[in-house]
Amino acid sequence: DSGVTQTPKHLITATGQRVTLRCSPRSGDLSVYWYQQSLDQGLQFLIQYYNGEERAKGNILERFSAQQFPDLHSELNLSSLELGDSALYFCASRPTGGNEQFFGPGTRLTVL
Amino acid sequence: AQSVTQLGSHVSVSEGALVLLRCNYSSSVPPYLFWYVQYPNQGLQLLLKYTTGATLVKGINGFEAEFKKSETSFHLTKPSAHMSDAAEYFCAVSDRQRKLIFGQGTELSVKP
């Protein structure tokens, strides 16, 4: 158990819909990272937050957005969903001053 | 920009045999390097990391990796494979923003 939690574990929805994925980092970790894992793209960095502020952006679509709340949990919002958005979405947290990231169990999104 | 190449998308070894998973990286700055393991339907677990100092890094479950700057490599080894080692292994490099850039992964199969 990494100490990072993600909900829900599975999500099945239809094209055009909007979903929200939630992540709680390890206690005390201020940095949260979101990654997408798909068969064709592999593991891709999406976005990073540090203590509520966006710090880095990767290959994140404009239809996707995220935020980090004062209690440090983070949400990834995916809208106007397409079939190609079906993937595993991971969040990870990093301790301040540390280098390694600890990953949550992921949310498997299926868009039908 | 950093990048990671994992040689071999699938490696098969016999139980008790040496495990060698290859990783080469590209980085314009001294790299932070990581190996993660992903068991089916689970998140990523950190096996080991290299940041600075000793170039031979020991990790969990008997794995180790050696950082070779001259060869830009960070290969993962284990002297004797166990059935429980069957999983997908990812090599990653961390950039200045500490986000992880992953290789495409190597699936390790262990034959009895």
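In region B:64-112, of all residues being within 14 Å of chain A (Cβ to nearest Cβ) and of a type in the set (Val, Ile, Thr), the one that is farthest from residue A:103 (Cα to Cα) corresponds to B:106. Only one of (1) away from chain B (no Cβ under 11 Å); (2) closer than 17 Å to residue B:100 by Cα; (3) surrounded by fewer than 22 Cβ atoms within 10 Å (Cβ to Cβ) is not met by residue A:32, so which one is it? Among (1) away from chain B (no Cβ under 11 Å); (2) closer than 17 Å to residue B:100 by Cα; (3) surrounded by fewer than 22 Cβ atoms within 10 Å (Cβ to Cβ), the lone unmet condition for residue A:32 is (3).
I need a count of the residues in region B:37-48 that are facing chain A (nearest Cβ under 9 Å) and buried (at least 20 other Cβ atoms within 10 Å of the Cβ).
Residues flagged as facing chain A (nearest Cβ under 9 Å) and buried (at least 20 other Cβ atoms within 10 Å of the Cβ) within region B:37-48 amount to 3.
Of all residues in region B:82-112, those satisfying the criterion of being surrounded by 17 or more Cβ atoms within 10 Å (Cβ to Cβ), on the phi < 0 side of the Ramachandran plot and over 15 Å from the mean Cα position of the chain (by Cα) are B:95, B:99, B:110.
Mind counting the residues in region B:23-36 that are buried (at least 17 other Cβ atoms within 10 Å of the Cβ) and either more than 11 Å from every other protein chain (Cβ to nearest Cβ) or under 13 Å from residue A:101 (Cα atoms) (or both)? Here the count works out to 9.
When A:88, A:83, A:46, A:72 are screened for being in contact (Cβ under 8 Å) with a residue 24 or more places away in the chain and touching a Phe, Trp or Tyr at 6+ places or on another chain (Cβ under 7 Å), only A:46 passes.
In summary, strands (runs of 3 or more DSSP E) completely within region A:39-112 and bearing 3 or more residues that are within 11 Å of chain B (Cβ to nearest Cβ) and surrounded by fewer than 22 Cβ atoms within 10 Å (Cβ to Cβ) occur at A:42-50, A:53-57.
A count restricted to region A:4-31 and to residues that are outside any loop (DSSP other than H, G, I, E, B) and under 19 Å from residue A:87 (Cα atoms) stands at 12. Tallying residues that are loosely packed, with under 12 Cβ neighbours inside 10 Å and outside any strand (DSSP E or B) within region B:50-68 yields 4. Output yes when any residue across region A:49-59 is of a type in the set (Phe, Trp, Tyr), modelled with pLDDT of 95 or more and closer than 25 Å to residue B:38 by Cα, and no when none is. Among the residues of region A:49-59, at least one is of a type in the set (Phe, Trp, Tyr), modelled with pLDDT of 95 or more and closer than 25 Å to residue B:38 by Cα, which makes the answer yes.
The values are calculated or read from the model by the stated rules, or taken from the named source; none is laboratory data. Small disclaimer: the values here were computed from a predicted structure and weren't measured. Note that we place each Cβ from the backbone using ideal geometry, even for glycine, and neighbour counts take in every protein chain shown.
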